Structures are given as structure tokens and as C-alpha cells.
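A.B. asks: Handing you this structure, nothing more for now.
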Amino acid sequence: MNRRTGRRSGESTARDDILEAARKLFSDNGFDRTTLRQVADSAGVDPALISHYFGNKRGLFVAAVEFPSDPAAVLEPVRTCPLDELAATTLRQILQVWASPAGPSVIARFRQALTSGEDELVRDLLTSVILAPIRERLRGTRDELDLRLTLFASQVAGLLVTREILALPPLRAADIDALVAAVAPNLQRYLTGAFTQ
């Protein structure tokens, strides 16, 4: 097979073709089991073109799910903060995105995902991208970490729904510092506290 290499000349659909192929493969196979080579083959392009447009697989995935902020960049402070500040740092970063100019797009994307049958893509965004830097900081068996991170995610998702989608007045009125002070201790317990399964 003579696959064309590099940028397609005179064609403006390559980026869209890559995204369409990536959405299908990520949805069918998940993040971990999808390779850039598979996406390139499906889109009929050279893998170098994917790197040109998206940088790496994470960048391709974030673009494929149409997430308006790069979660890895947003959560970079999570990689270096003290372990006992892991929940507070993570929550603060997330709340700041919701309050930023990108916030409405983030909320709209999650709202759309709740109703459009994109469960697998959203699950992979959560587990393979958003929660990945938190998992790297924790110790424990896979089952224990899965439970801890799922509990953590359930609380943050609940806060997203009640503050940003349902817009419950007390939560909408609370500033970021107040929310971090109120919510982070319980989140920290989920991540590093003692509990039995």
C-alpha cells in the first residue's frame, strides 16, 4: 500500500478525517488500546500528520472529544504539590477552569456528553487523562486506587452538576476558596485517608 506521507497537498479535510477516525477508534477501543498508527491507517494519512496537528495521542484525544481546555496542562500543579494538598490543588485547578473564559464551553461539553451517548469517550477522558496525574501520586493496589479515584470523581462530578448545571444558589454564590475549604478535606480522605473496602 502506497500511503501518502506528510501533509496532503491541496486537501483541507485531513484534520477532520483524522478526528473522525480517532473518535470512532477511541469510542470502540478506548484510549489505551488505540494507537496513532491505527488512527492514521483509518484516516489514510501518515502518522506524522497526526503529530503535526495534535502533538501526541493525548492531544488527539482531547481534540477528538472536543474538550476546550487541555486537562494535562490544567492539572500540571497536581504533579508537584505536597501529597496532603493533592485534593485541594486538584479541586482549585478544576474550579478555576469552570470560572475561566473556557468554562462555559467545558460545561456545555459535559452537558452534551450526558445526553449524547458518548459515555466511553467521557470515561476515557476522565480515567486516562484527567485522573492520570492524581493516580501517579498515589500508592495502593489497582482495585484500591480505582475505588479512591472513582469516589473522588463522583464528588467532583456532583459539584459540577449542582454548581454549574443545576446552578443551586448557595453553590453558585460560593467563591473558589470557600468551596475548596469545604470540599477538599473529604476529597483528600478519598485519595489518601484510611478506609476499608
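A.B. asks: Quick one: what pairs do we get from the range 142-162, first residue over 18 Å from Leu95 (Cβ atoms), second open to solvent by less than 50 Å² (accessible area, probe 1.4 Å) and part of a helix (DSSP H, G or I), C-beta under 6 Å, 6+ apart or different chains?
C.D. replies: Arg148/Tyr190; Arg148/Leu191; Leu151/Tyr190
A.B. asks: Continuing with this model, one more query. Name the pairs: first residue in the range 102-113 and free of Cβ contacts under 8 Å to residues at least 24 places away in the same chain, second residue surrounded by fewer than 17 Cβ atoms within 10 Å (Cβ to Cβ), Cβ to Cβ under 6 Å, at least 6 apart or on different chains?
C.D. replies: From residues that are free of Cβ contacts under 8 Å to residues at least 24 places away in the same chain, there are no pairs.
A.B. asks: Oh, and also: Go through the range 114-123 and count every residue that is surrounded by 16 or more Cβ atoms within 10 Å (Cβ to Cβ) and touching a residue at least 60 places away in the same chain (Cβ under 8 Å).
C.D. replies: Filtering the range 114-123 for residues surrounded by 16 or more Cβ atoms within 10 Å (Cβ to Cβ) gives 118, 121-122.
Okay, now just the ones that are also touching a residue at least 60 places away in the same chain (Cβ under 8 Å), so 118, 121.
Matching residues across the range 114-123 total 2.
A.B. asks: Within the range 61-88, count every residue that is surrounded by 20 or more Cβ atoms within 10 Å (Cβ to Cβ) and not aliphatic (A, V, I, L, M).
C.D. replies: 3
A.B. asks: Of the numbered conditions (1) of a type in the set (S, T, N, Q); (2) modelled with pLDDT under 80; (3) under 26 Å from Asp119 (Cβ atoms), Ser9 satisfies every one except a single condition; which is it?
C.D. replies: Tallying (1) of a type in the set (S, T, N, Q); (2) modelled with pLDDT under 80; (3) under 26 Å from Asp119 (Cβ atoms), Ser9 fails exactly one: (3).
A.B. asks: Run down Arg172, Arg148, Arg139 and say which single residue is modelled with pLDDT of 95 or more and either of a type in the set (D, E, K, R) or surrounded by 14 or more Cβ atoms within 10 Å (Cβ to Cβ) (or both). Let's see the steps before the verdict.
C.D. replies: Details: Arg172 fails: modelled with pLDDT of 95 or more; Arg139 fails: modelled with pLDDT of 95 or more.
The conditions single out Arg148.
A.B. asks: Suppose the filter is surrounded by fewer than 15 Cβ atoms within 10 Å (Cβ to Cβ) and modelled with pLDDT of 85 or more; does Ala43 pass it? Walk me through it before giving the result.
C.D. replies: Details: surrounded by fewer than 15 Cβ atoms within 10 Å (Cβ to Cβ): no; modelled with pLDDT of 85 or more: yes.
Spelling it out, it is not the case that Ala43 is surrounded by fewer than 15 Cβ atoms within 10 Å (Cβ to Cβ) and modelled with pLDDT of 85 or more.
A.B. asks: Tell me which residues, restricted to the range 31-72, are part of a loop (DSSP other than H, G, I, E, B) and either touching a His at 6+ places or on another chain (Cβ under 6 Å) or under 30 Å from Ala99 (Cα atoms) (or both). Please lay out each step first, then the result.
C.D. replies: Just the residues of the range 31-72 that are part of a loop (DSSP other than H, G, I, E, B), to begin with: 31-35, 44-46, 55-56, 65-70.
Phe31, Gly55, Asn56, Val65, Glu66, Phe67, Pro68, Ser69, Asp70, listed by residue number.
A.B. asks: Here are some residues: Thr34, Thr80, Thr13, Thr89. Which one is touching a Cys at 6+ places or on another chain (Cβ under 8 Å), free of Cβ contacts under 8 Å to residues at least 40 places away in the same chain and not hydrophobic (A, V, I, L, M, F, W, C)?
C.D. replies: Values: Thr34 fails: touching a Cys at 6+ places or on another chain (Cβ under 8 Å); Thr80 fails: touching a Cys at 6+ places or on another chain (Cβ under 8 Å); Thr13 fails: touching a Cys at 6+ places or on another chain (Cβ under 8 Å).
Testing whether each residue is touching a Cys at 6+ places or on another chain (Cβ under 8 Å), free of Cβ contacts under 8 Å to residues at least 40 places away in the same chain and not hydrophobic (A, V, I, L, M, F, W, C) leaves just Thr89.
A.B. asks: Output the number of residues of the range 179-197 satisfying the condition of being open to solvent by less than 50 Å² (accessible area, probe 1.4 Å), out of contact with any Leu (no Cβ under 7 Å at 6 or more places or on another chain) and assigned to a helix (DSSP H, G or I).
C.D. replies: 0
A.B. asks: While we're on this one: Filter the range 95-108 down to the residues that are buried (at least 18 other Cβ atoms within 10 Å of the Cβ) and modelled with pLDDT under 80 and list them by number.
C.D. replies: The answer is Val106, and nothing else.
A.B. asks: Continuing with the same structure: Out of all the residues in the range 111-125, is one or more part of a loop (DSSP other than H, G, I, E, B), closer than 25 Å to Arg58 by Cβ and under 14 Å from the mean Cα position of the chain (by Cα)?
C.D. replies: First, pick out the residues of the range 111-125 that are part of a loop (DSSP other than H, G, I, E, B): 116-118.
When the remaining residues are screened for being closer than 25 Å to Arg58 by Cβ, the result is 116-118.
Keeping just the survivors that are under 14 Å from the mean Cα position of the chain (by Cα) gives 118.
Within the range 111-125, one or more residues are part of a loop (DSSP other than H, G, I, E, B), closer than 25 Å to Arg58 by Cβ and under 14 Å from the mean Cα position of the chain (by Cα).
A.B. asks: May I ask you to say which residue of Arg15, Arg58, Arg4, Arg92 is at pLDDT 95 or above and either open to solvent by 70 Å² or more (accessible area, probe 1.4 Å) or touching a Lys or Arg at 6+ places or on another chain (Cβ under 6 Å) (or both)? Break it down into steps so the answer makes sense when it comes.
C.D. replies: Values: Arg15 fails: at pLDDT 95 or above; Arg58 fails: at pLDDT 95 or above; Arg4 fails: at pLDDT 95 or above.
Only one candidate passes the filter, namely Arg92.
The values are calculated or read from the model by the stated rules, or taken from the named source; none is laboratory data. Worth saying up front: this structure is predicted, and the values here are computed from it rather than measured. With ideal geometry, Cβ positions are generated from the backbone for all residues, glycine too; neighbour counts draw on all protein chains shown. Keep in mind that these areas ignore ligands, DNA and RNA; they rest on the heavy atoms of the full protein, side chains included. Shrake-Rupley method; radii C 1.70, N 1.55, O 1.52, S 1.80 Å.
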